[in-house]
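See below for the structure under consideration.
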């Protein structure tokens, strides 16, 4: 099972809010590696669709590529943002299925945390 966490134990509410605004989270994959992700923005998404070309309309391809482009560290080692199809493939190769699943879970955690922060701000 993949363990998902955002931030460290004992963080203040303000620290959690700041991290949520940065759109960063991490998850531990089945191999014990910590996969750290950052949600890609509109410019990165635009560049990704240009790199993928006609394949950007394939939802499965787009989902895998977006997950790969969101990874900023694998097992504590920084990952440079991929800018070519070969670089995306290289990140996917490093992640494997376990790392890809952890990246997806971390991205879901970012979305969930963002929603929680918005709801708390309304109160």
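Bear in mind that the values in this text are calculations on the coordinates, not laboratory data. Model, not experiment: these values are computed from the prediction. No Cβ is skipped: glycine too gets one built from the backbone with ideal geometry, and neighbour counts run over all protein chains shown.
Dividing the convex hull volume of the Cα atoms of the stretch 41-84 by its residue count, what figure in Å³ per residue is obtained?
67 Å³
If neighbour count is taken as other Cβ atoms inside 10 Å, put 83, 67 in order from fewest to most.
Least crowded to most crowded, the residues run 83, 67.
If you rank 77, 98 by fewest surrounding Cβ atoms within 10 Å, what's the result?
77, 98
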